[in-house]
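First up is the structure itself, then whatever we jot down about it.
The values are calculated or read from the model by the stated rules, or taken from the named source; none is laboratory data. Since the structure is predicted, the reported quantities are computational estimates derived from the model, not experimental observations. Cβ placement follows ideal geometry from the backbone for every residue including glycine, while neighbour counts extend to all protein chains displayed. We work out accessible area using only protein heavy atoms, side chains counted, and drop any ligands, DNA or RNA first. Shrake-Rupley method; radii C 1.70, N 1.55, O 1.52, S 1.80 Å.
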Amino acid sequence: MSDEWTLWLTFILIGLLATTLPRASFIVLGERASLPEVLLKALRYAPAAALAAIVVPDLVLVGGAVDVFNPKLGGAIAAVLATQVSRNPWLPFAAGMAALWVLR
């Protein structure tokens, strides 16, 4: 078998084992396979943790170094404070953008 075919076979096997089988297992097994309650509670925080992992580095890093005076961080702080003050869903956007424009 040539190196090219070995590589393609590796990609296909990884695709099947890493993505298709774990997803299909919940569909095929259905109610017979249930996750423990502790894991279900922990999985509720997965979307927020993923979003934080994407957003936070952009807020605190500038050019690969930590910058406390980053305008984006000030905008994020203003947005978080706006969520604490009001239940208006548009206020955090407005406060965050206003703080970002002022700090820039």
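What do you get for chymotrypsin sites (Phe, Trp or Tyr not before Pro) in the stretch 15-104 restricted to DSSP loop and a cutoff of at most 16 other Cβ within 10 Å of the site's Cβ?
TYR45, PHE69, TRP90
Among LEU9, PRO92, VAL28, which residue has its Cα furthest toward the positive end of the charge dipole of the chain, with +1 on Lys/Arg Cβ and -1 on Asp/Glu Cβ?
The listed residue farthest towards the positive side: PRO92.
So if each residue of separation counts as 0.36 nm, and I subtract the Cα-Cα distance between GLN84 and LEU40, what length gain in nm does that give?
My answer for the length gained is 13.1 nm.
Given the rule -39500 (n - 2.57) for each run of at least 4 DSSP H residues, summed and divided by the residues of the chain, what is its mean residue ellipticity at 222 nm, to the nearest 500 deg cm²/dmol?
Mean residue ellipticity, 222 nm, calculated: -21500 deg cm²/dmol.
Net charge near ASP67, counting Lys/Arg +1 and Asp/Glu -1 over other residues with Cβ under 15 Å of its Cβ?
It works out to a net charge of +1.
What size of dipole, in debye to the nearest 20, comes out for the chain about its Cα centre when the only charges are +1 on Lys and Arg C-beta atoms and -1 on Asp and Glu C-beta atoms?
Result for the chain is approximately 480 debye, rounded to the nearest 20.
Which order do you get for ASP58, ASP3 if you rank them by accessible area with a 1.4 Å probe, largest at the top?
Ranking ASP58, ASP3 by accessible area, largest first, yields ASP3, ASP58.
Label points 7 Å out from Cα along the Cβ direction at ILE14 and VAL62: separation in nm?
3.7
When only the heavy atoms of the protein chains count and the probe is 1.4 Å, how do LYS72, LYS41 rank by accessible area, highest first?
Largest accessible area first, the list is LYS41, LYS72.
Mind listing P(r) for the chain? All alpha-carbon pairs, 10 Å bins, whole percents.
Spelled out per bin, shortest first, that is 13, 21, 21, 19, 20, 5, 0.
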